[in-house]
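A quick write-up on the structure given underneath.
Where a number appears in this text, it was derived from the coordinates with a stated rule and is not lab data. All values reported here derive from a predicted model rather than from experimental measurement. Here the Cβ positions follow ideal geometry from the backbone for every residue, glycine too, while neighbour counts run over all protein chains shown.
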Amino acid sequence: MKNKTNNRDFIKEPSNYRQRGNSRFAPIRFSEKEYSKITQSLALVCTDALIIDRKKQTVFLAKRRAKPAAGQWWYIGGRTFAGETFEESVRRCFERETGLKLSTSRFKFINIQNFIFNERQQKPQNLGYHAIGFDFVVELTQKERARAASSLDTAEYKEGAGLKEFSRQDLIKMRVHPAILESYDRVFK
């Protein structure tokens, strides 16, 4: 049974369980070769944010530069680090890719999606990429949207493309990835 949601009622976030005490995680920088092996062997956990305008029932997407999903209008997001909650991850990724510092409470969980792509950013690029995406929505002011659009990470998103506003009809017309349409429908239907 699918959970339905509308613009006033979001489904409950996934539970975060932390053992009492001080869990420590020491970040490790992998070489390109090591990271390539990781992405070839494991599904990565990601958090993605869909920028919305509730009144207009529109979403704002950025044009991907990096693989996977290069050339597509896409969410803002990235990988979850060990020790992070999903809310902490989406806030950090959103800040890194847009320059906006927002509180975790502004992000509302809407969905979990399984992404299996035919290509990836790491060499060899023709190997697949598997990500499990925890999707959130965030509503920004016009000023915040403008700042985010002008500050998008150019390693991830096409320089100068900014954020583009889409209605549901626009999403269909532009043939965006079905995951985007599913997220739209979770929020507005």
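Only one of (1) within 27 Å of Ser41 (Cβ to Cβ); (2) of a type in the set (Gly, Ala, Ser); (3) surrounded by 16 or more Cβ atoms within 10 Å (Cβ to Cβ) is not met by Ala155, so which one is it?
Only one criterion is unmet by Ala155, namely (3).
Restricting to the stretch 94-120, and then to whatever is polar (S, T, N, Q) and surrounded by fewer than 17 Cβ atoms within 10 Å (Cβ to Cβ), can you tell me which residue is nearest to Ser31 (Cα to Cα)?
Per the stated criteria, the residue is Asn118.
Mind checking which residues of the stretch 116-131 are touching a residue at least 40 places away in the same chain (Cβ under 8 Å), among the hydrophobic types (A, V, I, L, M, F, W, C) and not in a loop (DSSP other than H, G, I, E, B)?
Within the stretch 116-131, Phe117, Ala131 qualify.
Can you name every residue in the stretch 38-56 that is more than 29 Å from Phe25 (Cβ to Cβ) and assigned to a loop (DSSP other than H, G, I, E, B)?
Those that are more than 29 Å from Phe25 (Cβ to Cβ) and assigned to a loop (DSSP other than H, G, I, E, B): Arg54, Lys55, Lys56.
Only residues that are out of contact with any helix residue (DSSP H, G or I) (no Cβ under 7 Å at 6 or more places or on another chain) and either touching a residue at least 24 places away in the same chain (Cβ under 8 Å) or among the small types (Gly, Ala, Ser) (or both): list them for the stretch 82-105, please.
Ala82, Gly83, Thr85, Phe86, Ser89, Val90, Cys93, Phe94, Arg96, Glu97, Ser103, Ser105
Condition check: within 13 Å of Lys63 (Cα to Cα), buried (at least 18 other Cβ atoms within 10 Å of the Cβ) and among the hydroxyl-bearing types (Ser, Thr, Tyr). Does Tyr184 satisfy that?
Spelling it out, it is not the case that Tyr184 is within 13 Å of Lys63 (Cα to Cα), buried (at least 18 other Cβ atoms within 10 Å of the Cβ) and among the hydroxyl-bearing types (Ser, Thr, Tyr).
Sort out which residues of the stretch 51-70 are in contact with a Leu (Cβ under 8 Å, 6 or more places away or on another chain) and of a type outside the set (Phe, Trp, Tyr), and write them in order of number.
If the condition is that a residue be in contact with a Leu (Cβ under 8 Å, 6 or more places away or on another chain) and of a type outside the set (Phe, Trp, Tyr), then Ile51, Val59, Leu61, Ala62 are the ones that fit.
Restricting attention to the stretch 57-93, report how many residues are charged (D, E, K, R), assigned to a loop (DSSP other than H, G, I, E, B) and either touching a Ser or Thr at 6+ places or on another chain (Cβ under 8 Å) or crowded, with 23+ Cβ neighbours inside 10 Å (or both).
Residues flagged as charged (D, E, K, R), assigned to a loop (DSSP other than H, G, I, E, B) and either touching a Ser or Thr at 6+ places or on another chain (Cβ under 8 Å) or crowded, with 23+ Cβ neighbours inside 10 Å (or both) within the stretch 57-93 amount to 1.
Of Glu97, Glu88, Glu119, which residue is in contact with a Lys or Arg (Cβ under 8 Å, 6 or more places away or on another chain) and among the acidic types (Asp, Glu)?
Going through Glu97, Glu88, Glu119 in turn, the sole match is Glu119.
Taking the options Asp170, Asp135, Asp153, name whichever one is touching an Asp or Glu at 6+ places or on another chain (Cβ under 8 Å), over 22 Å from Glu13 (Cβ atoms) and not aromatic (Phe, Trp, Tyr).
After ruling out the rest, the residue left standing is Asp153.
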